[in-house]
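> Take this structure, written in C-alpha cells, and hold onto it; I'll ask about it next.
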Amino acid sequence: MDITDFYDTFFEEAAELLEDMERHLLELDIESPDPEQLNAIFRAAHSIKGGAGTFGFDVLQRTTHIFENILDHLRRGELKLRRDIVDTFLETKDMLQDQLAAYRNGSEPDPEAFARICQTLQQMALEELGKQGPEVAAPTPAPTPVAEPVPAPEPEAVGAPAGEEGTERLRVVLLGVAEKDRELLIGELGHFGSILGQSGDVQRYEVELATGESADDIEAVLCFVVEPEQLEIQALAAARDEAPQPEPETPAAEKTAPAAALAAPPVPSPAPAPAAAAPQPGPAASGKPPANGNGNGESTTLRVPVTKVDQIINLVGELVITQSMLDQMLGRLDGATHSELVNGIALLQRNARDLQEAVMSIRMVPMDFVFSRFPRQVHDLAAKLGKEVELVTVGKSTELDKSLVERIVDPLNHLVRNSLDHGIESPEVREAAGKPRTGRLTLSAQHQGGNILIDVIDDGAGLNRDRLLAKARSNGLAVSDSMSDDEVWQLIFAPGFSTAEVVSDVSGRGVGMDVVKRNIQSLGGHVQILSRQGQGTTTRIVLPLTLAILDGMSIRAGEEIFILPLNAVIESLQPRSEDIYAMAGTDQLLKVRDEYLPLLPLHQVFGIPGARTRPSECIAVIVQGEGTRCALLVDELVGQQQVVVKNLETNYRKVPGVSAATILGDGSVSLILDIADLQRLNRRQSAARQERAVAIEQELMLS
C-alpha cells in the first residue's frame with residue numbers, strides 16, 4: 001500500500017496539534033507555568049516529529065526534534081520561562097506551520113528559514129542552559145545548523161536489529177484492524193526494528209518487535225493510520241545477545257558538546273523520547289475506556305469531506321421541494337376521501353423536517369473554530385502597538401453553519417484590529433483616566449431566534465460623535481447635527497472613512513469597515529454599533545444560522561409570489577385609513593401603537609401590475625432589517641413554508657432588494673426578499689421621485 005494515502009490524515013492532525021500548541025503557549029503563566037500545559041506542548045511537538053519521520057518530511061522532523069528537546073529542558077525546570085522565550089516558541093510554531101504547508105503543496109520548505117530557526121533555537125538553548133551551570137550545559141560553542149536537508153536513508157538503516165545493545169522487546173497489539181491496514185502497520189513496524197513474530201486475526205493481532213525506539217514514538221506514528229483505541233503497546237524483556245555487539249560509531253558532531261542533543265538528527269526516524277516522556281498506559285493497561293471509542297475498539301468519529309456533506313444537503317433540499325409539491329397537490333384533493341394519503345404526506349413532512357435538521361447539524365461548527373484564531377493575533381498586535389490587552393471569549397460552543405464560519409473570519413479580523421488600534425487606549429492613557437492598565441477585548445456569540453449574534457466588545461475610549469461628524473463633513477458626506485447616535489456610528493462604514501491621524505500597516509487608510517459591512521450584507525446579515533465615549537464600543541454582527549434552508553412566509557403582490565425570511569417578520573395587520581399619514585412627496589407613514597413606520601408598497605418598488613394600490617385594501621407586514629422597521633404592503637399572505645435557498649447571482653445576476661431565489665411546490669421560481677436592501681431601494685426611488693417632482697414644478701413655473 002502506498003503510504004502517501006495517509007498524507008492528508010497526517011496534515012490534518014498535525015495542523016490540529018499546532019493549533020493546540022499555540023493555544024497552550026498563549027495561555028502559559030510566565031511566572032508559574034502549568035506543568036500540564038508544558039507537557040501538552042511537548043507532546044504536540046513529539047507527535048509531529050514522529051509522523052514527519054515516518055513520512056520522510058525531513059526538515060519538519062529535524063525542526064521539531066530541536067524544539068522538542070528545548071521543551072523537555074523547560075518542563076524539567078532546567079530552563080526558566082520568559083516572555084521573549086514564549087515569543088520564540090510562537091515563531092517556531094509559525095515556522096512548523098509553514099513547513100507543513102510546503103509539504104502539503106508537494107514542495108520542500110525554505111532551507112534558509114529552516115537554518116535560521118534552528119540557529120535561533122540552538123543559540124537560545126545554549127545561552128539559557130549555560131546560565132544554569134555546567135551540570136546542565138557545558139560552555140561549548142553551538143553546533144552549526146545544516147542549511148540543506150540531509151537525504152533520508154533507506155528504511156532498512158532505521159530499525160535496530162534484534163539483540164543490539166539498548167534495544168527492547170515490545171508486543172504491539174492491533175485491535176479490529178482490517179487486513180490492508182494491518183499490512184501497512186507491520187511494514188511500518190519493520191522500519192523501527194526487527195519483527196520477531198506475529199499471529200492473530202482481525203479482532204486481535206499481535207506483533208513482537210525488537211527495537212531501540214520508544215513505545216511513545218511508535219504509537220505516535222501508528223496513530224496516523226489507526227485510532228489510539230485500536231492499538232496496545234506492551235514492554236517485554238530486553239532483547240540482548242550473550243555476546244555484546246559492537247557499538248555504532250557516533251558522528252563527530254554529536255561528540256563535540258553535551259548540548260549536541262539540540263542539533264538536528266541525521267536521519268528522519270523518530271528519535272527516542274527522553275526519560276521524562278515515558279509512554280502512557282494504553283486503554284487496556286489503564287483499565288479506563290478509550291477517550292474516542294465506545295469500548296469495543298470502534299471509533300465514534302468519522303472524517304468526511306465537506307463536498308459529500310454539501311451533496312447530502314442539496315439532496316435534502318430537493319426532498320423539501322418534492323414534499324412541497326406533494327403538499328400542493330394534496331390541497332386539491334378531498335381530505336376525507338384520501339385520509340390515508342393525507343396522513344402519509346404529514347408523516348413524510350415530519351420526517352423530511354427531522355432529516356433536514358439532522359443533516360444541517362452536521363455542517364454546524366462551534367464558534368470556537370473562529371475565536372481560536374484571535375488569541376495569537378491579539379497577542380502579537382497588542383505587543384506591536386505597545387498596549388496591554390486581555391482577550392475574553394464567550395459562547396465558544398455556539399454553533400454556526402460552516403459556510404458562514406469561513407466567510408465571517410475576515411470581517412471579524414477587521415473589527416478586532418480596529419478595536420485594538422482605535423478603541424483600546426495605551427496603558428498610560430488608561431491609567432490617567434482611572435482605568436486598569438490592561439484593556440479588555442471580548443468576543444461573544446449567542447443564538448437569538450433564527451439568528452446568531454456575534455459581538456466584538458472593547459472597554460476603550462468609545463466613538464467620538466463630534467469628531468465623526470467633522471470628518472464626514474470634510475469627506476463631503478451629507479450629515480447634520482440632528483442625526484441620531486446610531487446614524488452617526490454608521491458613518492464609519494462609509495467607503496474611505498477613517499479618523500486615524502497616522503496611517504500605519506495596522507489601519508488608517510479607510511479600507512476595511514466598508515468591506516466588513518458589504519461582506520456581512522452578502523451573508524444576509526447586518527452590523528449594529530453601540531458606543532459610549534470613555535467606556536467602550538460594541539459592534540454586533542447579526543447573521544442567519546444557515547444559508548442553505550430557511551423558514552419563510554409566502555406573500556403575493558399582483559400575480560407574483562415572494563418569500564419573506566420568517567425571522568425578519570414581526571407581525572401583520574390590516575391598516576386603517578385613519579392610521580395612514582402623508583409625508584412630503586408620495587411617502588406615507590403607518591401608525592402602529594404610537595410608532596410611525598414608513599410604508600413600503602411592494603408593487604411600487606418592483607413595478608408589479610395588477611396589484612392593489614390603496615393601503616387600506618392591502619395587508620401590512622411589519623418587517624425589520626438592519627435594526628430598522630417598516631410596513632411592507634402586500635396583497636395577500638399565502639402561507640408559511642420551508643424553502644431551499646438558491647444563489648441568484650451564480651445562476652443569473654444581482655437583483656436589488658432580493659437576496660436569493662427558491663423553487664416552489666408548483667415548480668415556479670420565487671424571489672427571496674432582502675429587507676434591508678429593499679428599504680434602501682425604496683429610499684432611492686423615493687428620492688428620485690421627489691427630484692422629478694421638483695423638476696416638473698420648476699418647469700411649470702418657467703413655462
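> Identify, by number, the condition in (1) surrounded by 12 or more Cβ atoms within 10 Å (Cβ to Cβ); (2) outside the structural domain of E560 (by TED's automatic domain parsing) that S703 doesn't meet.
That leaves (1) as the condition not met.
> If you scan the range 176-218, which residues turn out to be within 22 Å of I48 (Cβ to Cβ) and part of a loop (DSSP other than H, G, I, E, B)?
Selection gives G212, E213, S214.
> Taking strands (runs of 3 or more DSSP E) that fall entirely within the range 527-627, which contain at least 1 residues that are without any contact (Cβ under 8 Å) to a residue 12 or more places away in the chain and aliphatic (A, V, I, L, M)?
Details: elements: 536-544, 549-557, 560-565, 569-573, 580-582, 588-592, 595-601, 619-625.
Because the criterion is at least 1 residues that are without any contact (Cβ under 8 Å) to a residue 12 or more places away in the chain and aliphatic (A, V, I, L, M), the strands (runs of 3 or more DSSP E) in the range 527-627 that meet it are 580-582, 588-592.
> Next question. Just one of (1) free of Cβ contacts under 8 Å to residues at least 12 places away in the same chain; (2) of a type outside the set (G, A, S); (3) under 27 Å from G106 (Cα atoms) trips up D34, so point out which.
Unmet condition: (3).
> Select from the range 188-220 the residues that are among the small types (G, A, S) and free of Cβ contacts under 8 Å to residues at least 60 places away in the same chain and list them in ascending order. Working first, answer last.
The first filter runs over the range 188-220 and keeps only residues among the small types (G, A, S), leaving 190, 193-194, 197, 199-200, 210, 212, 214-215, 220.
If the condition is that a residue be among the small types (G, A, S) and free of Cβ contacts under 8 Å to residues at least 60 places away in the same chain, then G190, G193, S194, G197, S199, G200, A210 are the ones that fit.
> Does G524 satisfy the condition of being within 30 Å of E431 (Cα to Cα), touching a residue at least 60 places away in the same chain (Cβ under 8 Å), not in a strand (DSSP E or B) and not assigned by TED's automatic domain parsing to the domain that holds D635? It would help to see each step written out before you state the result.
Numbers: within 30 Å of E431 (Cα to Cα): no; touching a residue at least 60 places away in the same chain (Cβ under 8 Å): yes; not in a strand (DSSP E or B): yes; not assigned by TED's automatic domain parsing to the domain that holds D635: yes.
Here the answer is no, as G524 does not meet what is asked.
Condition check ((1) touching a residue at least 24 places away in the same chain (Cβ under 8 Å); (2) surrounded by fewer than 11 Cβ atoms within 10 Å (Cβ to Cβ)) across all residues:
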{"site": "A661", "(1), (2)": "no, no"}
{"site": "G667", "(1), (2)": "yes, yes"}
{"site": "L681", "(1), (2)": "yes, no"}
{"site": "Q685", "(1), (2)": "yes, no"}
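> Against the conditions (1) surrounded by 19 or more Cβ atoms within 10 Å (Cβ to Cβ); (2) modelled with pLDDT of 90 or more; (3) assigned to a strand (DSSP E or B), where does I452 fall short? Just the number, please.
Condition not satisfied by I452: (2).
> Looking at the range 520-553 only, could you name the residues that are touching a helix residue (DSSP H, G or I) at 6+ places or on another chain (Cβ under 6 Å), surrounded by fewer than 22 Cβ atoms within 10 Å (Cβ to Cβ) and over 25 Å from N647 (Cα atoms)?
If the condition is that a residue be touching a helix residue (DSSP H, G or I) at 6+ places or on another chain (Cβ under 6 Å), surrounded by fewer than 22 Cβ atoms within 10 Å (Cβ to Cβ) and over 25 Å from N647 (Cα atoms), then I529 is the only one that fits.
> Here is a further query. V359 - would you say it is closer than 28 Å to H447 by Cβ and of a type outside the set (D, E, K, R)?
Details: closer than 28 Å to H447 by Cβ: yes; of a type outside the set (D, E, K, R): yes.
Here the answer is yes, as V359 does meet what is asked.
> For the range 440-481, which residues satisfy the criterion of being more than 21 Å from E626 (Cα to Cα) and hydroxyl-bearing (S, T, Y)?
T442, S474, S480
> Moving on to the next point. Can you name the residue in the range 308-345 that is of a type outside the set (A, V, I, L, M) and not in a helix (DSSP H, G or I) and is also surrounded by the fewest Cβ atoms within 10 Å (Cβ to Cβ) among such residues?
R332
> Can you spot a residue in the range 489-510 that is closer than 26 Å to V394 by Cβ, outside any helix (DSSP H, G or I) and either at pLDDT 85 or above or outside the structural domain of Q685 (by TED's automatic domain parsing) (or both)? Show your work before the answer.
Of all residues in the range 489-510, those closer than 26 Å to V394 by Cβ come to 489-490, 492-493, 506-507.
From what is left, the residues that are outside any helix (DSSP H, G or I) are 506-507.
Cutting the leftovers down to either at pLDDT 85 or above or outside the structural domain of Q685 (by TED's automatic domain parsing) (or both) gives us 506-507.
Yes.
> Is it the case that some residue within the range 115-124 is in a loop (DSSP other than H, G, I, E, B), surrounded by 16 or more Cβ atoms within 10 Å (Cβ to Cβ) and under 31 Å from the mean Cα position of the chain (by Cα)? Break it down into steps so the answer makes sense when it comes.
Narrowing the range 115-124 to residues in a loop (DSSP other than H, G, I, E, B): none.
No, because not a single residue in the range 115-124 is in a loop (DSSP other than H, G, I, E, B), surrounded by 16 or more Cβ atoms within 10 Å (Cβ to Cβ) and under 31 Å from the mean Cα position of the chain (by Cα).
> For the range 464-491, name all the residues that are surrounded by 11 or more Cβ atoms within 10 Å (Cβ to Cβ) and more than 37 Å from the chain's Cα centre (by Cα).
Result: A470, R473, V479, M483.
> Any idea how many residues of the range 511-548 are of a type outside the set (A, V, I, L, M, F, W, C) and either touching a strand residue (DSSP E or B) at 6+ places or on another chain (Cβ under 7 Å) or modelled with pLDDT under 75 (or both)? Full working, then the answer.
First pass over the range 511-548, keeping only residues of a type outside the set (A, V, I, L, M, F, W, C): 512, 514, 517-519, 521-522, 524-526, 528, 531-540, 544, 546.
Checking which are either touching a strand residue (DSSP E or B) at 6+ places or on another chain (Cβ under 7 Å) or modelled with pLDDT under 75 (or both) leaves us with 512, 517, 524-526, 528, 531, 536-540, 544, 546.
Of the residues in that region, 14 qualify.
> Applying the selection to the range 530-567, what residues are more than 27 Å from the chain's Cα centre (by Cα) and closer than 30 Å to L463 by Cβ?
Initially, the range 530-567 is screened for residues more than 27 Å from the chain's Cα centre (by Cα), giving 531-535, 552-564, 566.
Hits for the range 530-567 are S531, R532, Q533, G534, Q535.
> A further question follows. Need pairs with beta-carbon distance below 7 Å; first residue in the same structural domain as K387 (by TED's automatic domain parsing) and within the range 421-441, second loosely packed, with under 14 Cβ neighbours inside 10 Å and β-branched (V, I, T); sequence gap 6+ or separate chains.
Matching pairs, first to second residue: R440/V392.
> Can I ask one more? Would you confirm, using the coordinates I've provided, whether S403 is among the hydroxyl-bearing types (S, T, Y), in the same structural domain as I313 (by TED's automatic domain parsing) and closer than 30 Å to I520 by Cα? Spell out the reasoning first.
Details: among the hydroxyl-bearing types (S, T, Y): yes; in the same structural domain as I313 (by TED's automatic domain parsing): no; closer than 30 Å to I520 by Cα: yes.
No: the conditions fail for S403.
> For the range 646-657, does any single residue satisfy the condition of being surrounded by 13 or more Cβ atoms within 10 Å (Cβ to Cβ), within 28 Å of the chain's Cα centre (by Cα), assigned by TED's automatic domain parsing to the domain that holds L597 and within 21 Å of L319 (Cβ to Cβ)?
Yes, there is a match, as at least one residue in the range 646-657 is surrounded by 13 or more Cβ atoms within 10 Å (Cβ to Cβ), within 28 Å of the chain's Cα centre (by Cα), assigned by TED's automatic domain parsing to the domain that holds L597 and within 21 Å of L319 (Cβ to Cβ).
The values are calculated or read from the model by the stated rules, or taken from the named source; none is laboratory data. This is a predicted model, so every value here is computed, not measured. Cβ coordinates were reconstructed from backbone atoms using ideal geometry, including for glycine residues, and neighbour counts include every protein chain displayed.
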